[in-house]
Amino acid sequence: GAGVSQTPSNKVTEKGKYVELRCDPISGHTALYWYRQSLGQGPEFLIYFQGTGAADDSGLPNDRFFAVRPEGSVSTLKIQRTERGDSAVYLCASSLSGGKQTQYFGPGTRLLVL
Amino acid sequence: AQSVTQLDSQVPVFEEAPVELRCNYSSSVSVYLFWYVQYPNQGLQLLLKYLSGSTLVKGINGFEAEFNKSQTSFHLRKPSVHISDTAEYFCAVGQETSGSRLTFGEGTQLTVNP
C-alpha cells in the first residue's frame, strides 16, 4: 500500500518568507508526527497529532512554527518569517495510533533558506 | 528526560564481517526502543523494535538487537554484512510518560567495503 508522502520534496526560499510543508499519512493512521533533521543529526521531535488535535507540541522551537491537521488526515507544517537556521529536512511520520506503535516515515522535505 | 547516545559516528567494515552498532539510552522510567535505517535520499525504515518481553529482538535484513536494562543499552548486530547494508542507522527511544514522541540518537554511518 501507499506509504507516507510529503510535498514538496525540496523547497528553496528566501529569509523572511513563509513556507508550507505537506504530509499525507498512511490511510487509517490516526497519529501523525513531525520531526526535523539537521545535517549530521538525528531527527528531532516537533509535534504529534492524535486525530485533529495536537496532543504534544512541545518540540516546536518557537511561535514561527505552526502545524494543523483539520480533518485528521493530511497535515501542514507552516513556518513564518523563515530564518537560515530553519534549513533542514522536515520528516513526517504516521502510526496506527499513538503510544508504542511503529512510526512510518515519509521521505522528507528538504528546506533551504537562503 | 530521555536521551540516546550512539557511541560511534562512523563504522567502516569489510563485506562479510560482523558488525555491532552501539546505542545507550538514559531514562528513569520504562522505555521502548527502535532501530531505523536511512538509505541516501530516502526516509527512515524500521529495522526492529523492542517493546517488552524477550530481550533479543530480530529484525529485517538479518539484523538483531539485545535490550540490556542494567546497562541501558540496545546494541544492533549483524553476523555478516553486505555492501547493500551501507547506510545511516538511528537508535530511538520512547517512554510511556512522554507520550508518543521518539528521541533519536545522532546516527551511525555504516560503510561496508568490498
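The values are calculated or read from the model by the stated rules, or taken from the named source; none is laboratory data. In this text, all values refer to a predicted model and were calculated from it rather than measured experimentally. Cβ atoms come from the backbone with ideal geometry, glycine included; neighbour counts cover every protein chain shown. These accessible areas exclude ligands, DNA and RNA; they are computed on the full protein's heavy atoms, side chains included. Shrake-Rupley method; radii C 1.70, N 1.55, O 1.52, S 1.80 Å.
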Highest GNM mean-square fluctuation among A:Asp86, A:Asp63, A:Asp24, for chain A with Cα springs under 10 Å, belongs to A:Asp63
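What's the longest uninterrupted piece of chain B once you rule out the GluC sites (Glu not before Pro) that are loop residues per DSSP with at most 15 other Cβ within 10 Å?
Working: sites that count: B:Glu15, B:Glu16, B:Glu106.
So the longest stretch without any such site is B:17-105.
Which sequence of A:Leu32, B:Leu7, B:Leu46 reflects their accessible areas, 1.4 Å probe, from the largest down?
On the way: A:Leu32 0, B:Leu7 85, B:Leu46 45 Å².
The ranking, largest first, comes out as B:Leu7, B:Leu46, A:Leu32.
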Diffing the range A:78-95: the Karplus 3J(HN,Hα) column from phi (6.51, -1.76, 1.60, θ = phi - 60°), in whole Hz with x for Gly and Pro, holds 10, 10, 9, 6, 4, 10, 4, x, 7, 4, 4, 9, 9, 9, 10, 9, 9, 9
In percent, how large is the relative contact order of the range B:3-113, given Cα pairs closer than 8 Å and 6 or more residues apart? 37
Within the accessible area of the range A:37-92, what % is carbon and sulfur when the probe is 1.4 Å and the other protein chains stay in place? 47
Quick one: which residues, 5 or more positions from B:Glu15 or on another chain, have an amide H under 5 Å from its amide H? H modelled 1.01 Å from N in the peptide plane, none for Pro or chain starts. B:Asn113
What does the charge count near A:Leu91 come to, summing +1 for each Lys or Arg and -1 for each Asp or Glu among other residues with Cβ under 11 Å from its Cβ? +1
Between A:Ala2 and B:Glu20, with labels modelled 7 Å along Cα→Cβ, what's the label distance in nm to one decimal, could you check? 4.4
Please identify the trypsin sites (Lys or Arg not before Pro) of the range B:10-86 that satisfy two criteria: DSSP loop assignment and at most 12 other Cβ atoms within 10 Å. Which are they? B:Lys69
Would you mind getting the Kirkwood hydrodynamic radius of the protein assembly as shown from its Cα pairs, rounded to one decimal in Å? 18.1
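Please list, by residue number, every one of the GluC sites (Glu not before Pro) in the range A:1-96 that is coil in DSSP and has at most 16 other beta-carbon atoms within 10 Å.
Numbers: sites: A:Glu14, A:Glu20, A:Glu44, A:Glu71, A:Glu83; in loops: A:Glu14, A:Glu71, A:Glu83.
Qualifying residues, ordered by number: A:Glu14, A:Glu71, A:Glu83.
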Normalised convex hull volume, the range A:5-97, alpha-carbon set, Å³ per residue: 92
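Based only on Cα atoms, what mean projected area does the convex hull of the range B:3-113 have, in nm²? Intermediate values should be presented prior to the final figure.
Working: hull surface 26.3 nm².
Orientation-averaged projected area of the Cα hull: 6.6 nm².
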Suppose all protein chains stay in the model; what accessible area per residue would a 1.4 Å probe give for the protein assembly as shown, in Å²? 47
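Kindly compute the accessible surface that chains A and B hide from a 1.4 Å probe when together, both sides summed, and give it to the nearest 100 Å².
Details: alone 6180 and 6260 Å², together 10790 Å².
Approximately 1700 Å² gets buried when A meets B.
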Work through the residues other than B:Gly107 whose Cβ is under 15 Å from its Cβ and net out their charges, Lys, Arg +1 and Asp, Glu -1. -3
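Accessible area of the range B:3-113 with a 1.4 Å probe: how many percent of it is carbon plus sulfur? Let's see the in-between values first.
Details: 2470 of 5140 Å².
Heavy-atom surface of the range B:3-113 belonging to carbon and sulfur, 1.4 Å probe: 48 percent.
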Quick one: Cα centre-to-centre distance for the range A:1-25 and the range B:29-47, in angstrom? 21
